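K.L.:
I'd like to ask some things about the structure below.
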Amino acid sequence: MYEERGSRRVAGTVVWRREAPARTHRVRVLPDGCMDLIWTGGGLLVAGPDTGAHLTDDPPGTGCVGLRFPPGTGPRVLGVPACELRDARVPLEALWPGREARELAERVAGAWAGARDGAAVLEEAAAV
């Protein structure tokens, strides 16, 4: 299942959520020139703007939530020029102070586990 909506807090940003089915699921992510902040069960990562399709495997029963920033917004929020992240997937801890990144990941994980909106936690962090 995949769903998306416009952000209520960060202009032009799209909030998306994906839940994997009961079997391993391969997803093809098409290039869109945007940067994403993504939470998976393993933590937070930043997907830089892609120049080609990217394949990812979702383990059974897992999910993720993310913010897709429009061009120009991701670098401002994340503090890194988009060109430095082109075609890359980078742990947020490599870009932000480790403690700050870990605390945000823990808050999103807590919201996800509590059946609350983990995306709202990401939006709050990106809105500052």
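K.L.:
Just grab the label-to-label distance for Glu19 and Glu124, each label 7 Å out from Cα along the Cβ direction, in nm (one decimal).
P.N.:
2.2
K.L.:
Mind checking the dipole of the stretch 60-120: about its Cα centre, +1 per Lys or Arg Cβ, -1 per Asp or Glu Cβ, Debye to the nearest 20? Don't skip to the end; give the middle numbers.
P.N.:
Values: 8 positive and 7 negative charges, 21 e Å.
Using Cβ point charges on Lys, Arg, Asp and Glu, the stretch 60-120 gives about 100 debye.
K.L.:
Related question: Along the stretch 94-100, what does the Karplus equation 6.51 cos²θ - 1.76 cosθ + 1.60 (θ = phi - 60°) give for ³J(HN,Hα), rounded to whole Hz, x for Gly and Pro?
P.N.:
7, 10, 10, x, x, 5, 4
K.L.:
What is the chain by shape, rounded, prolate or oblate, if you read a ≥ b ≥ c off the alpha carbon gyration tensor as root eigenvalues and call it rounded for a/c under 1.5, prolate for a/b larger than b/c, and oblate otherwise?
P.N.:
Rounded is the answer for the chain, as its axis ratio a/c remains below 1.5.
K.L.:
Suppose every K and R has +1 on its Cβ and every D and E has -1 on its Cβ; what is the size of the dipole of the stretch 1-45 about the Cα centre, in Debye to the nearest 20?
P.N.:
Here the stretch 1-45 has a charge dipole of around 100 debye.
K.L.:
Contour minus end-to-end for Ala113 and Leu55, with contour as 0.36 nm per residue of separation and end-to-end as the Cα-Cα distance?
P.N.:
Here the segment from Ala113 to Leu55 would lengthen by 18.3 nm.
K.L.:
Give the long-range amide H neighbours of Asp58: residues separated by 5 or more places, or on another chain, with amide H under 5 Å away, using H modelled in the peptide plane at 1.01 Å from N.
P.N.:
Long-range HN contacts for Asp58: His25, Arg26, Val27.
K.L.:
Moving on to the next point. Quick check on the chain: helices-only [θ] at 222 nm, where DSSP H runs of length 4 and up contribute -39,500 (n - 2.57) each and the sum goes over total residues. Nearest 500, please.
P.N.:
-7000 deg cm²/dmol
K.L.:
Something else about it: Read phi for every residue in the stretch 119-127 and hand back ³J(HN,Hα) as whole Hz from Karplus 6.51 cos²θ - 1.76 cosθ + 1.60, θ = phi - 60°, with x for Gly and Pro.
P.N.:
3J(HN,Hα) across the stretch 119-127, in whole Hz: 4, 4, 5, 5, 4, 4, 5, 6, 6.
K.L.:
Under the Karplus relation 6.51 cos²θ - 1.76 cosθ + 1.60, θ = phi - 60°, what is the ordered set of whole-Hz ³J(HN,Hα) values for the stretch 27-36, x standing for Gly and Pro?
P.N.:
Result, ordered by residue: 10, 9, 9, 7, x, 9, x, 9, 10, 10 Hz.
K.L.:
Here's something else I'd like to know. Determine the sum of side-chain charges near Pro49: Lys and Arg each +1, Asp and Glu each -1, restricted to other residues whose C-beta is under 10 angstrom from that of Pro49.
P.N.:
Taking every Cβ under 10 Å from that of Pro49, the sum is -3.
Values quoted throughout were computed directly from the atomic coordinates according to the rules given, and no laboratory measurement underlies them. Just so we're clear, the structure is a prediction, and the values are computed from it rather than from any experiment. Neighbour counts run over all protein chains shown; Cβ positions are idealised from the backbone, glycine included.
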